[in-house]
1. Sort H39, H76 so that the residue with the fewest other Cβ atoms within 10 Å of its own Cβ comes first and the one with the most comes last.
2. How do L101, L138, L29 rank when sorted from fewest to most other Cβ atoms within 10 Å of their own Cβ?
3. Take the alpha carbon gyration tensor of the chain, find the square roots of its eigenvalues, order them as a ≥ b ≥ c, and report rounded if a/c is under 1.5; if not, report prolate when a/b exceeds b/c, else oblate.
4. Residue farthest toward the positive end of the dipole of the chain, with Cβ of Lys/Arg at +1 and Asp/Glu at -1: which of P147, A94, I109?
5. Quick one: C56, C96, C154, fewest Cβ neighbours within 10 Å first, how do they rank?
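Taken together, the values in this text are just the output of simple stated rules run on the coordinates, not laboratory data. Worth saying up front: this structure is predicted, and the values here are computed from it rather than measured. Here the Cβ positions follow ideal geometry from the backbone for every residue, glycine too, while neighbour counts run over all protein chains shown.
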Amino acid sequence: MSGRINIVQGDITKLAVDAIVNAANSSLLGGGGVDGAIHRAAGPQLVEECRTLGGCPTGEARITRGYRLPAQYVIHTVGPVWDGGAYGEANLLANCYRNSLALAVERGIQTIAFPAISTGIFGYPIADATRIAIRETLHFLANHETPAQVTFVCFGDEVYHAYQRLLAEAERETGEKDESM
Ligand code: ADP
């Protein structure tokens, strides 16, 4: 399963994958961080299509075309704002990954790239957010043949190293299970 996961550093708007995921806000009308970068790179038609969607609740996902992006589609998902952890944040963040991946399956998307949802302006602790991302993605891939490839795009060393560590841990655990069988 972990062979279907890539971890890269860089700008998600440059990736020529079938779909990039946007860490959007619930209006879907653009914002700062990765959301702003995606809207700038996609051009004004993206916000026009987003306007027709009528927003998106936290944890859910919506899909649009990618317009001027190299990616064909944008999957917009709304992560939780971190508020100390007692307000269902973990479950909402897990839903972002599950719902984005489910939408990808529905549309026949083979390659998808995620930013580290909620870890910027929304303030989710990086260690916890990346653990949820890896756990949910591995679980989803174990039960679905697509997407063939999931890329985690890291903006900065802290996120990159967190993903590397978690994926290595997951690989060790699977290896141990295989050996004991
Ligand atoms: P949120 O509001 O969900 O926290 P942000 O856009 O503020 O969303 O941040 C989410 C993550 O995306 C952060 O780790 C941030 O560093 C990263 N990020 C910001 N710009 C880009 C980009 N162009 N490509 C990939 N990741 C990005």
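1. Ranked by crowding around the Cβ, least crowded first: H39, H76.
2. Fewest-to-most Cβ neighbours within 10 Å comes out as L29, L138, L101.
3. Here the chain falls in the prolate category.
4. Value: I109.
5. Fewest to most other Cβ atoms nearby, the residues stand as C56, C154, C96.
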